[in-house]
Amino acid sequence: MIDTLDSYSLVAIYSAMAVYTLAFALFAVDLAKRSANSKKAQDATALSAGQLGAFEGAAGVAVLERTDAPAAPRYRFERVAFALTVLAWALHVAGVVLRGVAQGFVPWANMFEFSLTSSAIVTTVFLVIQFWQDLKFLGVYMTGFVLVSLGMGTVNFYVPVKPLPDALDSYWLIIHVFVAALATALFAIGAGLSLLQLLQSRREDVGRGLGFLRTLPNSLRLENLAYLVTVVGFVFWTFTLIAGSIWAERAWGRYWGFDTKEVWTFIIWVVYAGYIHARATRGWRGARSAWLALIGFASVMFNYTIVNVFFKGLHSYSGL
């Protein structure tokens with residue numbers, strides 16, 4: 001029965017990956033269409049300006065009369081890609097739930113299970129955040145990130161269902177890891193916004209850049225969105241650090257032991273604390289703040305991959 005549920009879980013995950021791939025492709029097409037439409041609009045604006053200049057030169061006066069409001073942009077590929085992302089998320093969650101039922105506990109006791117669950121939480125946060133702010137333009141980045149996570153998980157980290165280690169048989173596993181995954185999801189979105197901020201800022205400074213950037217918020221708006229998302233993620237990460245210390249005291253009789261995983265969790269906290277402090281009190285805005293956010297997320301990814309797989313310690317639960 002356990003092997004059957006595990007097989008069904010893999011089928012659901014592979015199906016989700018196929019749909020995520022379609023969504024990724026359509027999000028990419030959407031960005032290409034935006035670039036093309038932006039170029040057409042720019043050329044049309046330049047042509048209109050030239051015609052207006054000629055009219056002013058001939059008549060000596062210009063009368064500007066607007067009869068029609070510009071049509072709202074229609075991003076059909078984006079809407080289809082987003083619908084596919086929702087479908088992929090449903091399959092993804094089904095795969096996580098089936099693995100959890102097979103495991104008999106929450107499905108994040110090893111690297112394979114954590115890769116499935118954390119990437120599902122990333123997609124969940126991306127979908128939910130649309131009710132607060134339309135960030136669908138991050139779709140190609142988010143679906144790509146989830147695809148890489150699932151690809152690494154299924155190819156490099158897969159392990160069959162096995163009994164839960166005694167040290168992980170605790171309700172703190174549910175709290176600690178779930179909140180860490182939530183923080184990671186918010187940091188991922190913040191990093192995506194910071195990357196776009198850098199690209200948008202360069203376009204605004206030099207007057208040229210990727211065409212689709214003209215359809216996105218300006219660099220200041222992107223920076224503020226990245227900051228808000230990252231601050232919420234930092235709150236969750238702070239709770240992760242505290243909950244981990246409490247769990248360590250219950251499991252090993254000490255709150256802190258300079259284990260590699262504990263040290264890197266604290267390093268990530270320091271980087272993001274520095275980002276928030278520098279931006280709030282030192283006036284670090286623009287590119288400097290964006291680079292700090294990207295360094296923070298790179299630290300999260302290093303902790304998730306390199307530290308979990310190659311560093312030995314009390315937190316060596318990769319299952320590999």
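The values are calculated or read from the model by the stated rules, or taken from the named source; none is laboratory data. Quantities reported herein were computed from a predicted structural model and do not represent experimental measurements. Don't worry about glycine lacking a Cβ; one is built from the backbone with ideal geometry, like all the others, and counts go over all protein chains shown. These area figures cover heavy atoms from the full protein model, side chains too; ligands, DNA and RNA do not enter into them. Shrake-Rupley method; radii C 1.70, N 1.55, O 1.52, S 1.80 Å.
Quick rundown of the values:
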| quantity | calculated |
| --- | --- |
| Of the criteria (1) outside any helix (DSSP H, G or I); (2) open to solvent by less than 80 Å² (accessible area, probe 1.4 Å), which one THR230 fails | (1) |
| Test: residue in the stretch 43-59 that is open to solvent by less than 50 Å² (accessible area, probe 1.4 Å), farther than 25 Å from THR305 by Cβ and either outside any helix (DSSP H, G or I) or modelled with pLDDT of 55 or more (or both) | no |
| Within the stretch 13-33, tally of residues that are open to solvent by less than 40 Å² (accessible area, probe 1.4 Å) and either out of contact with any helix residue (DSSP H, G or I) (no Cβ under 9 Å at 6 or more places or on another chain) or under 17 Å from TYR158 (Cβ atoms) (or both) | 3 |
| Unmet requirement for ILE268, which otherwise passes all of (1) open to solvent by less than 70 Å² (accessible area, probe 1.4 Å); (2) without any contact (Cβ under 8 Å) to a residue 12 or more places away in the chain; (3) closer than 16 Å to ALA188 by Cα | (2) |
| Residues being part of a loop (DSSP other than H, G, I, E, B), without any contact (Cβ under 8 Å) to a residue 24 or more places away in the chain and under 16 Å from the mean Cα position of the chain (by Cα) - total across the stretch 97-142 | 2 |
| Residue identified as open to solvent by 40 Å² or more (accessible area, probe 1.4 Å) and in contact (Cβ under 8 Å) with a residue 12 or more places away in the chain among ARG250, ARG279 | ARG250 |
| Those residues of the stretch 115-158 which are under 15 Å from VAL96 (Cα atoms) and open to solvent by 40 Å² or more (accessible area, probe 1.4 Å), in sequence order | THR124, TYR158 |
| Evaluation of LEU210 against (1) under 30 Å from SER35 (Cβ atoms); (2) hydrophobic (A, V, I, L, M, F, W, C); (3) within 20 Å of the chain's Cα centre (by Cα) (one fails), failing number | (3) |
| Some residue of the stretch 85-95 being at pLDDT below 95, open to solvent by 50 Å² or more (accessible area, probe 1.4 Å), of a type outside the set (Asp, Glu) and in a helix (DSSP H, G or I) | no |
| Residue match in the stretch 170-189 (condition: touching a residue at least 12 places away in the same chain (Cβ under 8 Å), of a type outside the set (Gly, Ala, Ser), within 26 Å of THR238 (Cα to Cα) and surrounded by fewer than 13 Cβ atoms within 10 Å (Cβ to Cβ)) | yes |
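Quick grid of which residues meet (1) assigned to a helix (DSSP H, G or I); (2) farther than 19 Å from GLY244 by Cα; (3) not acidic (Asp, Glu):
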position: TYR255; (1), (2), (3): no, no, yes
position: PHE258; (1), (2), (3): no, no, yes
position: TRP264; (1), (2), (3): yes, no, yes
position: VAL271; (1), (2), (3): yes, no, yes
position: ILE276; (1), (2), (3): yes, yes, yes
position: TRP284; (1), (2), (3): no, yes, yes
position: SER289; (1), (2), (3): yes, yes, yes
position: ALA293; (1), (2), (3): yes, yes, yes
position: VAL307; (1), (2), (3): yes, no, yes
